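Novice: Before anything else, here's the structure in question.
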Amino acid sequence: MKKHNFYAGPSRLSDYTLKATAEAVIDFAGTGLSVMGISHRTAEFEDVMLSATEIVKELLDVPQGYSVLFLQGGASLQFCMAPFNLLENNATYINTGVWATGAIKEAKYFGDVIELASSADRNFCYIPKGWEKNVSKDTSYVHITSNNTIYGTQYKQDPDVPVYMVADMSSDLFSRPVDVAKYGLIYAGAQKNIGPSGATLVIVKDEILGKVSRPIPKILNYKTHIDGKSMYNTPPTVAVFACLKTLERYRQLGGVQAMKQRADSKAAMLYDEIDRNKMFQGTADFDDRSNMNICFVMTPDYKDLESKFNEFVGARNILGIKGHRSVGGFRASVYNAQREESVKALITAMKDFEKRHL
Ligand SMILES: *Cc1c(COP(=O)(O)O)cnc(C)c1O
């Protein structure tokens, strides 16, 4: 029986990624060895790492002067590694939720944090506006979280500020074109929109490194990983392989421009139903709604039916739509690999539930 997988992360991977990875686990690149059991120093694996970094550059149109790295430790390690390498005196953070708050906490170990804007006043249901003009030219960088996985909010364009930005793009990288030149550092845990957990993608502008006065432990220094071509120590080989396959798939389908069209169309279908159906309502402000994580609750009159709806969809093999505990209700994650068929199955379930209870 086909499952409809709406988990927020780790999340659905394309059949293309799964098949290619399963094959390579048995026989990798005709070596007769498993990709799990071969040295990362072989020509075959070095080719995987090189291809993975090259395809990132191609898909995102990464300008000259940037390095692409596959690291470990998740986005959470980047919360600390970014300020360790980049924060001198102070940095500016925009607080749009749990993950941004986590990044702020870590940055405070390394200097002052200017929390220039926050949407905490309404449980992070919107993206703060108008703060760009208040960014000081003397701050090290501005940190944003481009898509807020838990609350279903998303920046609709790359902000304009007088310093470079650092961005956590864990849950929307490769779902849209990005103006990489505005960013000094972009990071993303792979398990939302790039591949399985275990790999973390980092895109860093070379010239911003080496400017802070503090000593940096070797493993936490981006330069170490640039010099080591992401192989300073053993990389997560299987995860990187699966990321490469996922990115190849994105290229086959037309790249990030095509990914954006598909994401917008899937999200619009689901939001239309949420707005139409009297039993449900969206939680994010209209203009800031994410096309990756779609958060909704039951309208006040039907609040007590939430667990019933969860059971109702479960019986239809619709999995992973329970909302994060800090928002409640439901969250449908519709990353690049999400099938339109699954989105339609969820919409049908919402309509049928309405017929039964309204
Ligand atoms: C999931 C997520 C994280 C945490 O990622 P880990 O890889 O588990 O450290 C951080 N930021 C955002 C936006 C996320 O969606």
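Every number in this text was worked out from the coordinates using simple rules, so none of it is lab data. Keep in mind the model is a prediction, meaning the values are calculated, not measured. Quick reminder, even Gly has a Cβ in these numbers, built from the backbone with ideal geometry, and neighbours come from all protein chains shown.
Novice: Nothing charged except the Cβ atoms of Lys and Arg (+1) and of Asp and Glu (-1): what's the magnitude of the dipole of the stretch 1-101 about its Cα centre? Round to the nearest 20 debye.
Specialist: Working: 6 positive and 10 negative charges, 102 e Å.
The calculation lands at about 480 debye.
Novice: Something else: R0 = 56 Å: FRET efficiency of Ser136 with Asp47, Cβ-based, nearest 0.05? Could the numbers behind the result be given before it?
Specialist: On the way: r = 45 Å, r/R0 = 0.80.
Efficiency, from the Cβ-Cβ distance: 0.80.
Novice: Counting Lys and Arg as +1 and Asp and Glu as -1, each charge on the Cβ, what is the dipole of the chain about the Cα centre in debye, to the nearest 20? Intermediate results must be reported in sequence, preceding the final value.
Specialist: Details: 42 positive and 40 negative charges, 150 e Å.
Here the chain has a charge dipole of around 720 debye.
Novice: Right, another one. For Lys260, give me every one of the aspartates and glutamates with a C-alpha distance below 12 angstrom, ignoring sequence neighbours fewer than eight places off in its own chain.
Specialist: Leaving aside aspartates and glutamates fewer than 8 places away in the same chain, those within reach of Lys260 are Asp172.
Novice: Helix-only mean residue ellipticity at 222 nm, the chain, DSSP H runs n ≥ 4 weighted -39,500 (n - 2.57), per residue, nearest 500. What is it? Intermediate values should be presented prior to the final figure.
Specialist: Numbers: 9 runs with 124 residues, N = 358.
Result for the chain: -11000 deg cm²/dmol, rounded to the nearest 500.
Novice: Considering only Cα-Cα distances, which of the following residue pairs are longer than 24 Å: Lys3/Lys57; Lys133/Lys266; Lys156/Lys211; Lys133/Lys182; Lys137/Lys211? Numbers along the way, then the final one.
Specialist: Values: Lys3/Lys57 33 Å; Lys133/Lys266 34 Å; Lys156/Lys211 31 Å; Lys133/Lys182 15 Å; Lys137/Lys211 16 Å.
As for pairs spanning more than 24 Å Cα to Cα, those are Lys3/Lys57; Lys133/Lys266; Lys156/Lys211.
Novice: Rank-order 101-110, 269-278 by packing density, defined as the average count of other C-beta atoms within 10 Å over each peptide's residues, highest first.
Specialist: Details: 101-110: 18.4, 269-278: 15.8.
Top of the packing list down: 101-110, 269-278.
Novice: Now a separate question. Straight distance only, please: which lysines reach the Cα of Lys355 with their own Cα at less than 19 Å, same-chain residues fewer than 8 apart left out?
Specialist: Excluding near neighbours in sequence, the set is Lys278, Lys303, Lys308, Lys344.
Novice: Just report the Cα centroid separation between the stretch 275-340 and the stretch 1-17, whole Å.
Specialist: The two parts, judged by their Cα centres, are 17 Å apart.
Novice: Of Gln252, Asn147, Thr299, which is farthest on the positive side of the dipole of the chain, counting Cα position, with +1 on Lys and Arg Cβ, -1 on Asp and Glu Cβ, and the Cα centre as origin?
Specialist: Toward the positive end, the furthest listed residue is Thr299.
Novice: Can you tell me the dipole magnitude for the stretch 219-293 around its Cα centre, using point charges on the Cβ only (Lys, Arg +1; Asp, Glu -1), in Debye to the nearest 20?
Specialist: Numbers: 11 positive and 9 negative charges, 81 e Å.
It works out to roughly 380 debye.
Novice: Between Thr31 and Lys57, what is the label-point separation in nm under the 7 Å Cα-to-beta-carbon projection?
Specialist: A separation of 2.3 nm, rounded to one decimal place.
Novice: How do the peptides 60-67, 40-47, 184-191 rank, highest first, by the average count of neighbouring beta carbon atoms within 10 Å per residue? Don't skip to the end; give the middle numbers.
Specialist: On the way: 60-67: 15.8, 40-47: 13.9, 184-191: 25.6.
For the peptides 60-67, 40-47, 184-191, the packing ranking is 184-191, 60-67, 40-47.
Novice: For the chain, give the share of DSSP beta bridges that are antiparallel, in percent and rounded to the nearest 5; count only bridges with both residues there. Please list the in-between numbers first.
Specialist: Details: 22 of 40 bridges.
The answer is about 55 percent antiparallel.
Novice: Still on this structure, please answer the following. Need the list of lysines near Lys218 for cross-linking: C-alpha distance under 24 angstrom, and skip anything on the same chain fewer than eight residues off.
Specialist: Lys105, Lys108, Lys205, Lys229
Novice: Quick one: length gained pulling Lys182 to Lys2 fully straight, 0.36 nm per residue minus the C-alpha distance?
Specialist: Values: separation 180, 0.36 × 180 = 64.80 nm, distance 4.17 nm.
In short, 60.6 nm is gained.
Novice: Also, I was wondering about something else. For the modelled label position 7 Å from the Cα of Leu305 along Cα-to-Cβ, which residues of the stretch 249-289 have backbone nitrogen atoms closer than 17 Å?
Specialist: What the label zone holds, given the 17 Å backbone N cut-off, is 273-282.
Novice: Given R₀ = 45 Å, FRET efficiency for Ser76-Glu354 by Cβ-Cβ distance, to 0.05? Mind dumping the intermediate values first?
Specialist: Details: r = 39 Å, r/R0 = 0.87.
Calculated transfer efficiency: 0.70.
Novice: Which of rounded, prolate, oblate describes the stretch 255-357, given a ≥ b ≥ c as roots of the alpha-carbon gyration tensor eigenvalues and a/c under 1.5 marking rounded, otherwise prolate only if a/b is larger than b/c? The partial results should precede the final answer.
Specialist: Numbers: a/c = 1.80, a/b = 1.50, b/c = 1.20.
Note, shape of the stretch 255-357 comes out prolate.
Novice: Label 7 Å along Cα→Cβ of Lys218; the stretch 12-47 residues with amide nitrogen under 14 Å?
Specialist: Under 14 Å, as judged by backbone N against the label point of Lys218, lies no residue of the stretch 12-47.
Novice: Given axes a ≥ b ≥ c from the Cα gyration tensor, I'd like to know whether the chain is rounded (a/c under 1.5), prolate (a/b larger than b/c) or oblate. All intermediate terms of the calculation are to be shown ahead of the outcome.
Specialist: Working: a/c = 2.16, a/b = 1.22, b/c = 1.77.
Oblate is the answer for the chain, as a/c is 1.5 or above yet b/c matches or exceeds a/b.
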